[in-house]
1. With labels modelled as points extended 7 Å from the Cα through the Cβ direction, what inter-label distance (nm, one decimal) is found for residue 1 paired with residue 39?
2. Taking the number of other C-beta atoms within 10 Å as the exposure measure, put 39, 34 in order starting with the fewest.
3. State, as an integer percentage, the relative contact order of the chain based on alpha-carbon contacts under 8 Å between residues 6 or more apart.
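Only the coordinates and a few stated rules stand behind these numbers; no lab work does. These numbers were taken from a predicted model, which means no experiment stands behind them. Cβ coordinates were reconstructed from backbone atoms using ideal geometry, including for glycine residues, and neighbour counts include every protein chain displayed.
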Ligand SMILES: [Zn+2]
């Protein structure tokens with residue numbers, strides 16, 4: 001399964017339906033998350049980690 005498919009499953013399991021994908025970037029509430037494979041090996045791990053894209057960090061709100 002692709003990272004994208006795993007991320008989609010993770011988000012939907014969390015009850016979030018308001019999201020979209022911009023290529024391989026997950027966008028939720030205007031925040032972009034890059035997808036990373038998770039290798040922690042926890043039995044309940046869904047194999048994907050969402051990392052807030054640094055592109056939006058530091059955005060100035062005035
Ligand atoms: Zn994990």
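1. With each label placed 7 Å out from Cα toward Cβ, I get 2.0 nm.
2. 39, 34
3. 29 percent
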